[in-house]
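Handing you a structure now.
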Amino acid sequence: MKKFLECVLVLASFSVLAEPLDMDLLIANGANDVRRIKMQTPAVTQVSYNVSIRYPGVAISVDKVRLLEERGWRPCDGDKASWEHFGDYATEPRRLVHQYRLSFARRGEFMAIGLQYLSALPAVDPTESIPDNTTQRVHIIHYDLSVEDVRRQMGGPADSCLRRGLKPEKKR
């Protein structure tokens, strides 16, 4: 009987681990240098990776967004719907950052996503809007808003998104 219970516990733990986290669903095919980091609190988790995609492609496809929506996530209004770029003069060498941002919320959770290309700063025209490489850096940060410190830290963006007509989460 003891062996049977041990087997059940082991199988149960594998079945829980086998269900992918919503963040893991956003890892693109061909991703490399995948990193999962628990931030200062276990209530904040980050997944980062690199993937080779020609600009202006995005690692978070329409199909992946649809899958998130099926799991109860809702896109937040006010997100950048297109690529933006700006000079990063705080680093050496200086560089041009091309960035695409998304965020999603569902009851008690918030997810911020940043897709970036980092390019050499053009000598002639610093407003050049095309990356000089195909390495897209993806950063996905999940916030558990049931933790008061995390909710306070996220403040405006998460709260305004959650207030903006999120429907009650569907029961599965």
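Nothing in this text is a laboratory measurement; each read-out follows from the coordinates by a stated rule. All values reported here derive from a predicted model rather than from experimental measurement. With ideal geometry, Cβ positions are generated from the backbone for all residues, glycine too; neighbour counts draw on all protein chains shown.
What net charge is computed for the residues neighbouring THR45, neighbours being all others with C-beta under 9 Å from the C-beta of THR45, Lys and Arg scored +1, Asp and Glu -1? Don't skip to the end; give the middle numbers.
Working: positive: ARG36, LYS38; negative: ASP144.
Within the 9 Å Cβ shell, the charges total +1.
With each pseudo-label sitting 7 Å past Cα toward Cβ, what's the ASP149-ASP88 distance in nm, one decimal?
2.7 nm
Okay, next question. Considering Cα pairs under 8 angstrom that are at least six residues apart, work out the relative contact order of region 21-163 and quote it in whole percent.
Working: 263 pairs, mean separation 36.0, N = 143.
Value for region 21-163: 25 percent.
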